[in-house]
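Have a look at the structure below before the remarks.
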Amino acid sequence: MQSKERLEKWVEIYSIPKKHKHKGNTVSVKRSIIGGNTWYITECPECNDTNTLYENKKELKYDCENCGCNYIGEIIKTTVVVAKTKKARKVLSGKAKKYLIELQENCCYWCHREFNIYIWDNKRKKARQMSPVFDHYKAFAFSFNNNLENYVATCPLCNAFKSDMHFEDENDFRQLLEYRWNKALDRKEIEIL
């Protein structure tokens, strides 16, 4: 079964009332719950561009990036869906790990920092080596994909910052991770040695 087909099994459709300038009309929202990820996907009522929220809130505030249309919706009905799969997370072989490190030139896929540098962790009051961690590019909880093409070598901090987050745009996601790195450095939670 293809990943897309598997994902479509976990999508539900809700109608939400639009407020503000849309005068009570409704718009369809797809609410997807896969693993630990929940997101709400809708089409803008003015330009039909896709808008996605990754937060689990009572009030859904959409701001279309394409046309600037603002609309708010409330979920009328909630149903919990649990995605089940017989697939288990795969542990990469030593050969596969070596291949990824060489492919990425001994740098983290997300932040491009070189592996094996040291950071000082002020919470734990000790130095930590930034050894590579092998993580799913698209979170396993979302994709159920254990193929080598879905793995990247990351530093432990980017891996922790990413967790099982879902992202639409890789560059935006890299900016988010860089923001989290800078925030940790500015707050002196960590220091690069």
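Shown here for the stretch 92-172: GluC sites (Glu not before Pro) in loop regions (DSSP other than H, G, I, E, B) with at most 12 other Cβ atoms within 10 Å, namely Glu105, Glu168. If you place +1 on the Cβ of every Lys and Arg and -1 on the Cβ of every Asp and Glu, how big does the dipole about the Cα centre of the stretch 94-192 come out, in debye to the nearest 20? Using only the charged Cβ atoms, the result is roughly 640 debye. For the stretch 97-193, the list of trypsin sites (Lys or Arg not before Pro) that fall in a loop by DSSP and count at most 10 other C-beta atoms within 10 angstrom reads Lys123, Arg124, Lys125, Arg187, Lys188.
Note: relative contact order over the stretch 110-176, using C-alpha pairs below 8 Å and six or more positions apart, is 29 percent.
The spread of Cα positions in the stretch 94-192, taken along each principal axis and listed from longest to shortest, comes to 37, 29, 21 Å.
Computed from the coordinates by the stated procedures, all read-outs in this text should not be read as laboratory data. What you see is a predicted model; the values in this text were computed from it and never measured. Every residue, glycine among them, receives a Cβ derived from its backbone with ideal geometry; neighbour counts consider all protein chains shown.
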